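Novice: Provided herewith is a single structure, encoded as structure tokens, for subsequent inquiry.
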Amino acid sequence: MSSVTLASRAFNQDDQIFFARLSGDFNPIHMDPLAARRTQAGAPVVHGIHAVLWALDKLAENGMVTGKVRGVKVQFTKFIYVASTVMLNLRHRDEESTGVLERVVEREPAILIDLKEAAAQSGWIDVDRARTRSEGQFPHADSAIGARRVAAIAVLSTLTGMVCPGMYSLFGAFAIDLVEDSNHKDAVGFSVSETDERFRMIRMNVSGAGIRGSVQAFLRWPPIGQASFDEVSKVVAPAEFAGSTALIVGGSRGLGALTAKVIAAGGGKVIVTFATGRKDAEKLAEEICGHTTHDACRVIQYDVRQDAASQLKLLETEVSHLYYFATTSIFRQKDGFFVSSLLDEFIEIYVKGFYDCCRVLNKNSSQALIAYYPSTVAIDNNPLSIIEYTMAKMAGEILCANMNRANTRTRVVVSRLPRLMTDQTATVVPATTAEPLDVLLPVIRQRIHLRFCSSDSCRIPRTWRWFSSVGIALADLCIFALLRVVETFECVDHRAVHSDQLFVGTRPAATGR
Amino acid sequence: MTDQDILALFTKIIRDLLSDESITLTMRTKREEVPNWDSMNYINFIAAVEIELGVKFRVADIESFEDVGAIVAQTSAMLR
């Protein structure tokens, strides 16, 4: 089977605005980088239908789509990110030629959250506006299949992105016949024909303006909210973390935001950092301060990829604990199983960024720092699709182990977290995830703040604290002795010899392994 | 329909889905070993199999399939 590249291009921000105006699909996943960051895509993506119309136009320009074409069938298998290059490859398969979009490495929408609500949807999408605005934009496609049908295809984007399911949608596929309809109404009618709870999938029949067929869309998850301050307060003692000041890097959402609530609910002070999500961070601070004191939570901008010293000089206070939840989009579309530039990107965040942050905090502080490095069970499972991420986190673990060995005035606690429900892990496919508070609270309470918690404000009785300290010291000794035995018998199981098991002395009870 | 027939059909479906004729599934193939067979395309694959063979998988099965062989076995059981 041979393959010929017919055309290539990138869609830029202006193209996004152009097609949103043409089709009427202003869904934030295409238009708003901050909102898109909290979707599975992680960044703004091109309207799939825009790419389809571009491909149709190019195929028509080359005589491969003519008036004889009876239908169009499209499956969206990957996101196309803004500014990434898309290639239109023509493949000859047996007798038939098919145009394949490769490297698809590539107003307010309605908000339907419930499939039952979606099941009742039907209506009409006007194609007038799309027809007017698309005039001359896809001239070859217009000639081949008719401007009215081009506009009808364009509004399929509006149907899924703005109407049904609307805000929280992913366009899955469509298959349409090009028909001569007797109804000259310039609109596409739609009605939901099937919903599938297993995949949160919706199938719709569409008909009108020269097309008839079906559209498949998915109801994606809204941004994942973590437990509220009230909920956290029910399981945290009011002065459990009093006296501590925690810098929570990447604390504007997800596990970082949850940790901030836990520490603050326990009487500690938190400084939450954000790289881009200022609104999320300020909303979190408002929630925390509304339940505690006005200075319980501060917000600063901190990008771990930029110089740490100049950014952290704004702290103006000593930090006793660092929680490092800085992250970027983990699940990426890739060409090939290993992309070295992706590894570089992850190393910068999960290794260099962590070390720089610890170094600067130590330099500015009179007391030793306790830092938490959240690692991942991906190191145990080693999924092929995210090896760059896994490698970077593994490098991070090695760094942490050696920071403890090298007496850097930082005691690093590492645990491998299981898959937890966050924006990044909220896939359409059903997946088992652990409850974040159930996983994080024991780690924070038993492994990070326990030794620190020695002030009179701590509600844990002194005797219990003493026994706990002795217990941990004994556990340290036992593990140290065990490791010596392991070394003696040359039993090479490196998983038992790294990170926190060695240096902190307790098994990561909450890792789910 | 034998297990090998089902496997051949799965290979055809995934090749069409990912536009990659080089893919050859075996009973031991894991999803993460196939380039671009991500979570979204896993759903697309399952949906295509269901339409093609007139079967319906349970959510618990979809979550727990460890390799292609497990999907073949479950499909075969449903066809019996």
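The values are calculated or read from the model by the stated rules, or taken from the named source; none is laboratory data. Worth saying up front: this structure is predicted, and the values here are computed from it rather than measured. Using ideal geometry, Cβ is built from the backbone for each residue, glycine included, and neighbour counts are taken over all protein chains shown. Accessible surface areas use protein heavy atoms only, side chains included; no ligands, DNA or RNA. Shrake-Rupley method; radii C 1.70, N 1.55, O 1.52, S 1.80 Å.
Novice: Kindly list, by first and then second residue, each pair from a residue in region A:365-380 that is outside the structural domain of A:Met403 (by TED's automatic domain parsing) to a residue that is at pLDDT below 90 and surrounded by fewer than 18 Cβ atoms within 10 Å (Cβ to Cβ), limited to pairs with Cβ atoms under 6 Å and residues at least 6 apart or on different chains.
Specialist: none
Novice: Return yes when A:Ala401 is more than 19 Å from the chain's Cα centre (by Cα), surrounded by fewer than 21 Cβ atoms within 10 Å (Cβ to Cβ) and of a type in the set (A, V, I, L, M) and no when it is not. Even if it seems obvious, please write down each step before you answer.
Specialist: Details: more than 19 Å from the chain's Cα centre (by Cα): yes; surrounded by fewer than 21 Cβ atoms within 10 Å (Cβ to Cβ): yes; of a type in the set (A, V, I, L, M): yes.
Yes.
Novice: Any residue in region A:376-393 that is modelled with pLDDT of 95 or more, open to solvent by less than 30 Å² (accessible area, probe 1.4 Å), in a helix (DSSP H, G or I) and within 24 Å of A:Leu441 (Cβ to Cβ)?
Specialist: Yes - at least one qualifying residue is present in region A:376-393.
Novice: Would you be able to say whether some residue in region A:209-216 is open to solvent by less than 10 Å² (accessible area, probe 1.4 Å) and either in a strand (DSSP E or B) or under 18 Å from A:Leu420 (Cα atoms) (or both)?
Specialist: The initial filter retains those residues of region A:209-216 that are open to solvent by less than 10 Å² (accessible area, probe 1.4 Å), namely A:209-211, A:215.
Pick out the ones that are also either in a strand (DSSP E or B) or under 18 Å from A:Leu420 (Cα atoms) (or both) and you get A:211, A:215.
Yes, because at least one residue in region A:209-216 is open to solvent by less than 10 Å² (accessible area, probe 1.4 Å) and either in a strand (DSSP E or B) or under 18 Å from A:Leu420 (Cα atoms) (or both).
Novice: For A:Thr158, state whether it is closer than 20 Å to A:Phe19 by Cβ and modelled with pLDDT under 95.
Specialist: Details: closer than 20 Å to A:Phe19 by Cβ: yes; modelled with pLDDT under 95: yes.
Here the answer is yes, as A:Thr158 does meet what is asked.
Novice: Count, please, the residues in region A:112-133 that happen to be open to solvent by less than 20 Å² (accessible area, probe 1.4 Å) and modelled with pLDDT under 85.
Specialist: 3
Novice: When region A:445-459 is examined, which residues are found to be closer than 12 Å to A:Val236 by Cβ, out of contact with any Phe, Trp or Tyr (no Cβ under 8 Å at 6 or more places or on another chain) and either hydrophobic (A, V, I, L, M, F, W, C) or at pLDDT 75 or above (or both)? Break it down stepwise before answering.
Specialist: If we filter region A:445-459 for residues that are closer than 12 Å to A:Val236 by Cβ, which is where we start, we get A:445, A:449, A:459.
Still in the list and also out of contact with any Phe, Trp or Tyr (no Cβ under 8 Å at 6 or more places or on another chain): A:445, A:459.
Once the filter is applied, which keeps residues that are closer than 12 Å to A:Val236 by Cβ, out of contact with any Phe, Trp or Tyr (no Cβ under 8 Å at 6 or more places or on another chain) and either hydrophobic (A, V, I, L, M, F, W, C) or at pLDDT 75 or above (or both), region A:445-459 yields only A:Arg445.
Novice: Tell me the helices (runs of 4 or more DSSP H) entirely within region A:253-351 that contain at least 1 residues that are of a type in the set (Asp, Glu) and either within 14 Å of another protein chain (Cβ to nearest Cβ) or more than 25 Å from A:Val414 (Cβ to Cβ) (or both). Steps first, answer last, please.
Specialist: Details: elements: A:254-265, A:278-291, A:308-312, A:340-347.
Those helices (runs of 4 or more DSSP H) span A:278-291.
Novice: In addition: Among the listed residues A:Arg212, A:Arg203, A:Arg149, A:Arg253, identify the single one that is modelled with pLDDT under 90 and either of a type in the set (Lys, Arg) or in contact with a strand residue (DSSP E or B) (Cβ under 6 Å, 6 or more places away or on another chain) (or both). Before the answer, list the steps.
Specialist: Details: A:Arg212 fails: modelled with pLDDT under 90; A:Arg203 fails: modelled with pLDDT under 90; A:Arg149 fails: modelled with pLDDT under 90.
None of the other options fit; the residue is A:Arg253.
Novice: Quick one: A:Leu315 ticks every box in (1) out of contact with any strand residue (DSSP E or B) (no Cβ under 6 Å at 6 or more places or on another chain); (2) among the hydrophobic types (A, V, I, L, M, F, W, C); (3) open to solvent by 30 Å² or more (accessible area, probe 1.4 Å) bar one, so which box is it?
Specialist: All conditions are met except number (3).
Novice: Got a sec? Which helices (runs of 4 or more DSSP H) wholly within chain B have at least 2 residues that are open to solvent by 50 Å² or more (accessible area, probe 1.4 Å) and away from chain A (no Cβ under 14 Å)? If you could, list the steps in order and put the result at the bottom.
Specialist: On the way: elements: B:3-18, B:39-53, B:59-64, B:68-79.
Helices (runs of 4 or more DSSP H) meeting the threshold: B:3-18, B:68-79.
Novice: Identify all residues within region A:190-208 that are touching a Phe, Trp or Tyr at 6+ places or on another chain (Cβ under 9 Å) and either part of a loop (DSSP other than H, G, I, E, B) or within 22 Å of B:Phe57 (Cα to Cα) (or both); write none if there are none.
Specialist: First, the residues of region A:190-208 that are touching a Phe, Trp or Tyr at 6+ places or on another chain (Cβ under 9 Å): A:190, A:198-202, A:204-208.
Within region A:190-208, A:Arg198, A:Phe199, A:Arg200, A:Met201, A:Ile202, A:Met204 meet the criteria.
Novice: If you don't mind, another one. Could you please let me know if A:Leu88 is within 14 Å of chain B (Cβ to nearest Cβ), in contact with a Gly (Cβ under 9 Å, 6 or more places away or on another chain) and open to solvent by less than 30 Å² (accessible area, probe 1.4 Å)? Lay out the reasoning, then the answer.
Specialist: Values: within 14 Å of chain B (Cβ to nearest Cβ): yes; in contact with a Gly (Cβ under 9 Å, 6 or more places away or on another chain): yes; open to solvent by less than 30 Å² (accessible area, probe 1.4 Å): yes.
Answer is yes for this residue.
Novice: Just for helices (runs of 4 or more DSSP H) wholly inside region A:16-96: which have at least 1 residues that are of a type in the set (Gly, Ala, Ser) and over 20 Å from A:Gln137 (Cα atoms)?
Specialist: Working: elements: A:28-31, A:33-36, A:48-61.
Correct list: A:33-36.
Novice: Shifting gears a bit: Select from region A:61-76 the residues that are farther than 18 Å from A:Ala7 by Cβ, away from every other protein chain (no Cβ under 14 Å) and open to solvent by 80 Å² or more (accessible area, probe 1.4 Å) and list them in ascending order.
Specialist: A:Lys68, A:Arg70
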